[in-house]
Amino acid sequence: MRQIDAYAYSNRISKLHPAYKVGASLLALVLCLTLNRPLASLLILALMLGLTIFWAGVSWRFVLTLLLTEGSFLLAGVLGVAISVSTMPDAGGAALGPFWVRSDAASVWLALNLFLRALGSVSAMNFLALTTPILDLIELLRRLRVPEVLVEVMGLTYRFIFILFDSLERMTLAQEVRLGFGNWRSSLRSAALIGTNLFIDAFRRSRILETALQSRAWDGALRVLPRKYNHPFQKCN
Amino acid sequence: MLHTSGMYRRWPVLALWLTATAGLALFSARTAYAMHIMEGFLPPAWAAFWFAVAVPFWVIGFIQIRRLVKEKPESRLMLGLAGAFAFVLSALKLPSVTGSCSHPTGVGLGAILFGPFVMSILGGIVLLFQALLLAHGGLTTLGANAVSMAVVGPLAAWGVWKGLQGRLPEDGVVFLAATLADLLTYVTTSAQLALAYPDPVGGFVASFAKFGAIFAITQIPLAISEGILTVLIFRALRQTAATELKALGVQGA
Amino acid sequence: MQLTFIDVHVRYPGLDISALNGVNLEINTGERVALVGRNGSGKSTLMLTANGILRPHQGALLLDGRPVRYDRSGLRELRRNVGVVFQNPDDQLFSASVYQDISLGPLNLGLTQAEAHRRVQEVAEFCGLQELLDRPTHALSGGEKTRAALAGVLAMSPRFLFADEVTNSLDPWMRPQVLEILDRLADSGCAVILATHDWALASAWAQRVIWLEGGSVFRQGKPGASSWLT
């Protein structure tokens, strides 16, 4: 998580106006889904990987590892499309316990197409995730007139995710050094303890933060300055 | 045990079962995330349909949040922390009954603490961040994932919590709420996949059973674990954070 | 300008015992003051009172000789002049971006966007944060976070700055950097009040040390002066 986030704000095109990057990935997504052809999916996959690795300069090792993980998730999903299962004896199927499993070329083809389509879409989403800081996406939503309250809650959520993650890591370590995850029972007890403390920690922080905001003359709305971006064909400042 | 009627049909079945085993092995490592429908997995029409289903809940949730923030400006901090809490909770190590390790969804706990409609918005935000920060789920499938995880699951939990409160021991109610939320979430996901990809022979029902079976192996033990976890957390919160629970308006706190 | 505490008593809501028990204190702009005392002696309460978060139930807080009004505009006036930096910067940095976090205070004061932008650039330079403005807050080191939190308060150009143990969590390399910023701040005419457990730091850095004990001023004076011991 931290790695994806770190790439998002340190890659070569992180300061580019987010609208371009969001536009590019949404276009790729829509094309991938509507064309729905293996060749188109493969082309989009190659293009998005290329953009991520060569334009944004994200490590190819990281990009491919991420894609591989996602691919393995997808595999389990397309499996359901490739095979048919029924309790009726089936001439063309294989018996597996009480079930009859069958598959045919059409289903496998459909599954393969689906797999590639999803992989192409995933690569478009990865491009967005690895090149665009979440802050910029939130800012873009603000400029698109998404209600201010939602934008604020999103911004705060993003900020607190990392604070609470630090707490979680500390607490997990504290439990691990005390063998809190030794067996099933103790693991569950440790997980509950951490979950509880995390909640209390979150609540306490919201109180302190409120005080800190008040001390800066806060009166309800979280007004901040808009971020500044580069545009293509324009000299970076 | 393998009966086939012809050689040409044997290899795809075998190959698929091999990949199935490998896939499930990879899969059970991070089951909670496997409930997310991945980017690109749904055809455009279904993706749009599930967004349309989610929108009314988001609207109600938004109206509730806006009212809350108007009355108490500081509640936006609590909402942000609640969203972050839900996100981080899904990264907590949770032992599954089968011995593998997984992650809770936090759907049941969130619904009890914050109500189902507010949870639909927070859940939507969390899903967006999971797609972007963890590469789980996706943008076009956000609507579908929101319906299963941020609408159906929380509504089930909240319904059980409201309906059975006082009639059963509290631990039992919390357990049922969390377990049922978890199970219904995966049932919804299976239904969404089955609707988009009905079985060529058995149609929706067969397809639903198929996708359900893929999830069931890992999800039922996980749902029970999450139920127990939620009971333990809720019990501890009652003891140590009664004032905070009251501040959130949790009934009976 | 002077910030004056006259027999200030402060009680936390719901608690019977007072956290401040008759504090009498004068702080002038440009002063370097160290606030010492054990945990629970009232250092943090004093800071929150100076900023108007807590309201004395007895006694008065004067800003430039006039009693502080606790209505909207009165509090805004007080907070424009009196800033507080909290002990843990993570409790203070609410925004995920350094630039946006610093801009909150100036915008709350009703400044225009252009003016707020200028202020952000100014304090970023003052605190050595120019390169970090676009960074997410969570990607900063401990010392950078402290400086960012400080910058967020300085952007409101306070005349009195209360800093709650900000040097405690810093490593020996970061500490001089933050202290140097506080020094420059005092030289520019702002009063800097640093709460600390570190006696060596207090006597080396401050012009005046205020020792709180049980919610009131136990001793105060120039560090090292003979009057200190009596």
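The values are calculated or read from the model by the stated rules, or taken from the named source; none is laboratory data. As the structure is a computational prediction, the values presented were derived from the model and not from experiment. Using ideal geometry, Cβ is built from the backbone for each residue, glycine included, and neighbour counts are taken over all protein chains shown.
Looking only at the stretch A:180-202, how many residues end up being outside any helix (DSSP H, G or I) and at the interface with chain B (Cβ under 8 Å from one of its Cβ atoms)?
Total satisfying the criteria: 1.
Out of all the residues in the stretch B:78-89, is one or more surrounded by 14 or more Cβ atoms within 10 Å (Cβ to Cβ), facing another protein chain (nearest Cβ under 7 Å), outside any helix (DSSP H, G or I) and modelled with pLDDT under 85? I'd like the intermediate steps shown before the answer.
Narrowing the stretch B:78-89 to residues surrounded by 14 or more Cβ atoms within 10 Å (Cβ to Cβ): B:78-89.
Remaining after also requiring facing another protein chain (nearest Cβ under 7 Å): B:78-81, B:83-85, B:87-89.
Now narrow it down to the ones that are outside any helix (DSSP H, G or I): none.
No.
Would you check which residues across the stretch A:203-222 are in a helix (DSSP H, G or I) and among the hydrophobic types (A, V, I, L, M, F, W, C) and list them?
Answer for the stretch A:203-222, where residues must be in a helix (DSSP H, G or I) and among the hydrophobic types (A, V, I, L, M, F, W, C): A:Phe203, A:Ile208, A:Leu209, A:Ala212, A:Leu213.
Whether any residue in the stretch A:106-129 is of a type in the set (Val, Ile, Thr), facing chain B (nearest Cβ under 8 Å) and within 28 Å of A:Phe54 (Cβ to Cβ) is what I want to check.
Yes, because at least one residue in the stretch A:106-129 is of a type in the set (Val, Ile, Thr), facing chain B (nearest Cβ under 8 Å) and within 28 Å of A:Phe54 (Cβ to Cβ).
Find the residue count for the stretch C:60-72, including only residues that are under 16 Å from the mean Cα position of the chain (by Cα) and within 12 Å of another protein chain (Cβ to nearest Cβ).
Number of matching residues: 0.
Can you confirm whether the stretch A:160-179 contains a residue that is in a loop (DSSP other than H, G, I, E, B), more than 10 Å from chain B (Cβ to nearest Cβ), over 26 Å from the mean Cα position of the chain (by Cα) and surrounded by fewer than 17 Cβ atoms within 10 Å (Cβ to Cβ)?
Within the stretch A:160-179 (the criterion being in a loop (DSSP other than H, G, I, E, B), more than 10 Å from chain B (Cβ to nearest Cβ), over 26 Å from the mean Cα position of the chain (by Cα) and surrounded by fewer than 17 Cβ atoms within 10 Å (Cβ to Cβ)), the answer is yes, since at least one residue qualifies.
With the structure loaded, tell me whether C:Gly83 is surrounded by 14 or more Cβ atoms within 10 Å (Cβ to Cβ), modelled with pLDDT of 90 or more and assigned to a loop (DSSP other than H, G, I, E, B) or whether it fails that test.
Answer is no for this residue.
So C:Arg184 ticks every box in (1) farther than 24 Å from C:Val10 by Cβ; (2) in contact (Cβ under 8 Å) with a residue 60 or more places away in the chain; (3) assigned to a helix (DSSP H, G or I) but one. Which box is left unticked?
With respect to (1) farther than 24 Å from C:Val10 by Cβ; (2) in contact (Cβ under 8 Å) with a residue 60 or more places away in the chain; (3) assigned to a helix (DSSP H, G or I), C:Arg184 is out only on (2).
Residues that are crowded, with 16+ Cβ neighbours inside 10 Å and assigned to a helix (DSSP H, G or I): does the stretch C:155-164 have at least one?
No, there is no match, as no residue in the stretch C:155-164 is crowded, with 16+ Cβ neighbours inside 10 Å and assigned to a helix (DSSP H, G or I).
For the condition touching a residue at least 24 places away in the same chain (Cβ under 8 Å), buried (at least 24 other Cβ atoms within 10 Å of the Cβ) and within 13 Å of another protein chain (Cβ to nearest Cβ), what is the one hit in B:Leu245, B:Leu229, B:Leu195?
That would be B:Leu229, the only listed residue that is touching a residue at least 24 places away in the same chain (Cβ under 8 Å), buried (at least 24 other Cβ atoms within 10 Å of the Cβ) and within 13 Å of another protein chain (Cβ to nearest Cβ).
Before we move on, is B:Leu229 in contact with a strand residue (DSSP E or B) (Cβ under 7 Å, 6 or more places away or on another chain), assigned to a helix (DSSP H, G or I), closer than 20 Å to B:Met119 by Cα and of a type in the set (A, V, I, L, M, F, W, C)?
When the stated conditions are applied, B:Leu229 passes them.
Out of C:Gly40, C:Gly14, report the one residue that is without any contact (Cβ under 8 Å) to a residue 12 or more places away in the chain, closer than 21 Å to C:Ser169 by Cβ and surrounded by fewer than 18 Cβ atoms within 10 Å (Cβ to Cβ).
C:Gly40 is the lone residue from the list that is without any contact (Cβ under 8 Å) to a residue 12 or more places away in the chain, closer than 21 Å to C:Ser169 by Cβ and surrounded by fewer than 18 Cβ atoms within 10 Å (Cβ to Cβ).
Please give the number of the condition C:Ala200 fails out of (1) in a helix (DSSP H, G or I); (2) in contact with a Ser or Thr (Cβ under 9 Å, 6 or more places away or on another chain).
(2)
Take the residues in the stretch B:105-135 that are in a loop (DSSP other than H, G, I, E, B) and more than 11 Å from chain A (Cβ to nearest Cβ); name whichever of them is surrounded by the fewest Cβ atoms within 10 Å (Cβ to Cβ). First the steps, then the outcome.
So in the stretch B:105-135, the residues in a loop (DSSP other than H, G, I, E, B) come out as B:105-106, B:115, B:135.
From what's left, more than 11 Å from chain A (Cβ to nearest Cβ): B:105, B:115.
Working: B:Thr105: 29, B:Gly115: 19.
Result: B:Gly115.
Considering B:Gly138, B:Gly212, B:Gly143, which residue is under 15 Å from the mean Cα position of the chain (by Cα) and not in a helix (DSSP H, G or I)?
B:Gly138
From C:Gly142, C:Gly128, grab the single residue that is within 12 Å of chain A (Cβ to nearest Cβ), closer than 30 Å to A:Met1 by Cβ and surrounded by fewer than 18 Cβ atoms within 10 Å (Cβ to Cβ). Even if it seems obvious, please write down each step before you answer.
Details: C:Gly128 fails: within 12 Å of chain A (Cβ to nearest Cβ).
Going through C:Gly142, C:Gly128 in turn, the sole match is C:Gly142.
Quickly run through the stretch A:15-45 and pick out the residues that are under 17 Å from the mean Cα position of the chain (by Cα) and part of a loop (DSSP other than H, G, I, E, B).
Result: no residue meets the conditions.
List every residue pair whose Cβ atoms sit under 7 Å apart, with the two residues 6 or more apart in sequence or on different chains, where the first one lies in the stretch A:137-154 and is closer than 18 Å to B:Leu77 by Cα and facing another protein chain (nearest Cβ under 7 Å) and the second, anywhere, is of a type outside the set (A, V, I, L, M, F, W, C) and crowded, with 19+ Cβ neighbours inside 10 Å.
Within 7 Å, the pairs are A:Val149/B:Arg76; A:Glu152/B:Arg76; A:Val153/B:Arg76; A:Val153/B:Gly80; A:Val153/B:Gly83.
Hey, B:Thr141 hits all of (1) within 14 Å of chain A (Cβ to nearest Cβ); (2) free of Cβ contacts under 8 Å to residues at least 60 places away in the same chain; (3) not aliphatic (A, V, I, L, M) but one; which does it fall short on?
Status for B:Thr141: all satisfied but (2).
Those residues that are within 19 Å of A:Ile208 (Cβ to Cβ), of a type outside the set (Val, Ile, Thr) and either more than 9 Å from chain A (Cβ to nearest Cβ) or in contact with an Asp or Glu (Cβ under 7 Å, 6 or more places away or on another chain) (or both), I need them from the stretch C:78-105; list them, please.
Residues satisfying the conditions are C:Phe86, C:Gln87, C:Pro89, C:Leu93, C:Phe94, C:Ser95.
Restricting to the stretch A:44-58, name every residue that is free of Cβ contacts under 8 Å to residues at least 12 places away in the same chain and either within 14 Å of another protein chain (Cβ to nearest Cβ) or farther than 24 Å from A:Leu112 by Cβ (or both).
Initial filter on the stretch A:44-58 (free of Cβ contacts under 8 Å to residues at least 12 places away in the same chain): A:46, A:50, A:53-54.
Listed by number, the residues that qualify are A:Ile53, A:Phe54.
Let's see how each residue does on (1) away from every other protein chain (no Cβ under 14 Å); (2) surrounded by 21 or more Cβ atoms within 10 Å (Cβ to Cβ); (3) touching a residue at least 40 places away in the same chain (Cβ under 8 Å); (4) over 30 Å from A:Asn126 (Cα atoms):
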{"position": "B:Asn145", "(1), (2), (3), (4)": "no, yes, yes, no"}
{"position": "B:Val152", "(1), (2), (3), (4)": "yes, yes, no, no"}
{"position": "B:Leu155", "(1), (2), (3), (4)": "yes, no, yes, yes"}
{"position": "B:Leu168", "(1), (2), (3), (4)": "yes, no, no, yes"}
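Does C:Asn108 meet the test of being under 25 Å from A:Pro226 (Cα atoms), crowded, with 16+ Cβ neighbours inside 10 Å and within 11 Å of another protein chain (Cβ to nearest Cβ)?
Criteria met by C:Asn108.
Of the residues C:Leu25, C:Leu75, C:Leu35, C:Leu20, only one is crowded, with 18+ Cβ neighbours inside 10 Å and either of a type in the set (D, E, K, R) or within 14 Å of chain A (Cβ to nearest Cβ) (or both); which? Explain how you work it out, then say what you get.
Details: C:Leu25 fails: either of a type in the set (D, E, K, R) or within 14 Å of chain A (Cβ to nearest Cβ) (or both); C:Leu35 fails: either of a type in the set (D, E, K, R) or within 14 Å of chain A (Cβ to nearest Cβ) (or both); C:Leu20 fails: either of a type in the set (D, E, K, R) or within 14 Å of chain A (Cβ to nearest Cβ) (or both).
Residue meeting the stated conditions: C:Leu75.
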